[in-house]
């Protein structure tokens, strides 16, 4: 999706959803920003070539190539959940082209210390035959996210149906689990991403967005990332859990617009317009 005009903001979705999960956030941001939300390869409307191995490194490379193809010179890059490591790896490859970062509802990288139980969950439980069977048979992970996460402000029936139908094959449902498992098992990628992000992105204006009751926040992710990013701000979305932008996209969008204005990113990015090469 490519909507609005103004400063360029690229939204990278996590799992188990696609760019459609940002529908409320896009509606909020497009009034003042050009909002670009791709589907990661193998998700939604983005087909993956047979040679694409689905690794975190391959996803990061594809995002970098996507940004090159659009001619994005200065961008706010938004990574959440499973896409945060992908986004940070991408940004570390091209720090001069990143004006600011938004890190939302993700666990600390790499998954050590208090994040160790999450690593075990991703590496083994998500890779189990039971989880794979139920997700293939019932599309249970996308259904749960679309139905339970925005519980206080539910999606409409049509929105929920469109969200779930993005995973209409076993291959697409398996992609969700593959991304989770890669987060838990690809330790070298996670370690390298952490090292490069701290070294090359530490001075970037960064907004950390978490729901008030997000388990990742309760495991210390906010304080962890604040040590990485010396110019970081925090937006805690009241009464929300994981994926706060599903139910409260407007609140997340408002926090992002305030943060961009506070750091002058809206003015800076408007002075350096990007080539618009994709139609809405």
Candidate set: region 34-51, residues that are in contact with a strand residue (DSSP E or B) (Cβ under 6 Å, 6 or more places away or on another chain) and without any contact (Cβ under 8 Å) to a residue 40 or more places away in the chain; chosen: the one nearest to residue 90 (Cα to Cα):
37
Taking the condition under 12 Å from the mean Cα position of the chain (by Cα) and under 28 Å from residue 236 (Cα atoms), does residue 29 pass?
no
What are the residues in region 4-50 that are more than 16 Å from residue 167 (Cα to Cα) and assigned to a loop (DSSP other than H, G, I, E, B), if any?
4, 5, 6, 7, 30, 31, 32, 33, 37, 49, 50
Sort out for me the helices (runs of 4 or more DSSP H) sitting completely within region 127-176 that have 3 or more residues that are without any contact (Cβ under 8 Å) to a residue 24 or more places away in the chain and surrounded by fewer than 12 Cβ atoms within 10 Å (Cβ to Cβ).
129-138, 157-165
Take the conditions free of Cβ contacts under 8 Å to residues at least 40 places away in the same chain, touching a strand residue (DSSP E or B) at 6+ places or on another chain (Cβ under 6 Å) and over 26 Å from residue 123 (Cβ atoms) and apply them to residue 4. Does it pass?
yes
(1) farther than 22 Å from residue 107 by Cβ; (2) modelled with pLDDT of 95 or more; (3) assigned to a loop (DSSP other than H, G, I, E, B) all hold for residue 240 apart from (1)
Residue in region 89-100 that is farthest from residue 71 (Cα to Cα), counting only those that are touching a helix residue (DSSP H, G or I) at 6+ places or on another chain (Cβ under 6 Å) and not in a helix (DSSP H, G or I):
100
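The values are calculated or read from the model by the stated rules, or taken from the named source; none is laboratory data. Note that the coordinates shown come from a computational prediction; the quantities given were computed from them, not determined experimentally. Reconstructed Cβ throughout: ideal geometry from the backbone, glycine too, with neighbour counts over all protein chains shown.
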